Amino acid sequence: MIIRKNQAALNADEKRAFVRAVLEVKRTGTYDRLVTTHNNFVMNDTDTTDRVAHRSPSFLPWHRRFLLEFEAALRQAEPSVTLPYWDWTADRTPASSLWGPDFLGGTGRARDGQVTDGPFSFAGGRFPINVRVDGRGYLRRTLGAEVAALPTRAEVDSVLAMPVYDTAPWNSASNGFRNHMEGWRGVNLHNRVHVWVGGQMTSGASPNDPVFWLHHAFIDKLWAEWQALHPGSPYLPTAGTANVVDLHDTMRPWNDVTPADMLDHRRFYAFDTDPEAAGR
Ligand code: CU1
Ligand code: CU1
């Protein structure tokens, strides 16, 4: 069984294996292909094509599918690796071990935001930024500089308490759990974390920063927590909604997977906090 763990609980061997796997997926080109996929799915509310990845109900199932693809690539490189999650309500400062030189490396230098330590630094030579939103070919971060603080657990709990998955007009103006989780309304959870990290994380090419995957693994876990809190609340909309991915509509770019296919994470993995993971 694939168990996704809190990154703060990884031991030194697990961190090394994760880093090796990321660098191998980068070396083969799969990593940059995934960054390109994500960048192609950044849209605004008025696009006439279906909004799939963001500003839409399928934000959560789209990213679950996207993370599964990355995790499968990691496990091809290093079979022991699973995707860790970053609980930013707990590990909420640039001094967290997440940002250590033995794991993701730290914030960028003042002059240009360039990350200069850890396995993904430009000087290390193994993690060039190839899918660029501007001319800069190095990983950048400005941890904690653009927004005062990461979301708190109380803020997360206030969003988890919302009983309805999503509402018309099914975009960034919607009320409901999905849009508050995504961050376009209310306390702002997901979007705020991108801004707190800064650099590429504030762009459509955000998966260029390996922390993207750990951030979204936690968003994915919060979706599962919301489902457990509201077992009677379905994915919405269920059918017949123009330019929106309904429950049984397929999602681009895969075209063979629907939100319904993604609703139960236990088909694919367990979190270390799930009962299934006990004793492992
Ligand atoms: Cu995204
Ligand atoms: Cu995101």
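Laboratory data are not the source of any read-out in this text; all were calculated from the coordinates shown. On a predicted model such as this, the values are computed, not experimentally measured, just so you know. Cβ coordinates were reconstructed from backbone atoms using ideal geometry, including for glycine residues, and neighbour counts include every protein chain displayed.
Things worth noting here:
- For the chain, modelled as a GNM whose springs connect Cα atoms under 10 angstrom apart, the maximal fluctuation among ALA260, ALA95, ALA17 occurs at ALA95.
- Residue-span extension gain [THR273 to ASN191] - 0.36 nm each, minus C-alpha spacing: 27.1 nm
- If the chain linking ALA161 and ALA123 were pulled fully straight, counting 0.36 nm for each residue of separation and taking away their Cα-Cα distance, it would gain 9.2 nm.
- Per-residue ellipticity at 222 nm, computed for the chain from helices alone with -39500 (n - 2.57) per DSSP H run of at least four residues, works out to -10000 deg cm²/dmol.
- Cα centroid separation, segment 157-217 to segment 1-71: 14 Å.
- Given charges at Cβ of Lys, Arg, Asp, Glu: segment 2-87 dipole, positive-most of PRO61, ALA12, VAL25: ALA12
- Part-to-part distance (alpha-carbon centres) for segment 107-132 and segment 238-276, which is given in Å: 34
- Among ASP112, ASP157, ASP256, residue whose mean-square fluctuation peaks in a GNM of the chain (springs only between Cα atoms under 10 Å): ASP256
- Gyration tensor verdict on segment 30-100 (Cα atoms; rounded if a/c is under 1.5, prolate if a/b is larger than b/c, oblate otherwise): oblate
- Tensor-based shape of segment 4-51 (alpha-carbon gyration tensor, a/c under 1.5 rounded, otherwise prolate or oblate): oblate
- If a spin label sat at a point 7 angstrom from the Cα of MET1 along the line to its beta carbon, the backbone N atoms of segment 238-280 nearer than 13 Å would be those of 265-280.
- Subtracting the Cα-Cα distance of THR250 and ASN175 from 0.36 nm times their residue separation leaves 24.6 nm of extension gain.
- Overall size of segment 94-157 from C-alpha positions, given as principal axis extents largest first: 40, 27, 21 Å.
- Listed peptides 211-224, 184-197 by packing density, highest first (mean Cβ within 10 Å): 211-224, 184-197
- Convex hull volume per residue in cubic angstrom - Cα atoms of the chain: 126
- Positive-pole candidate from LEU247, GLY198, PRO275, dipole of segment 194-276, charges at beta carbon: GLY198
- Listed residues THR241, THR93, THR49, most fluctuating in the chain (Gaussian network, C-alpha, under 10 Å): THR49
- Its Cα centre serving as origin, the chain has a Cβ charge dipole (Lys and Arg +1, Asp and Glu -1) of approximately 700 debye.
- Global form of segment 157-198, assessed from the alpha-carbon gyration tensor, a/c cut-off 1.5: oblate
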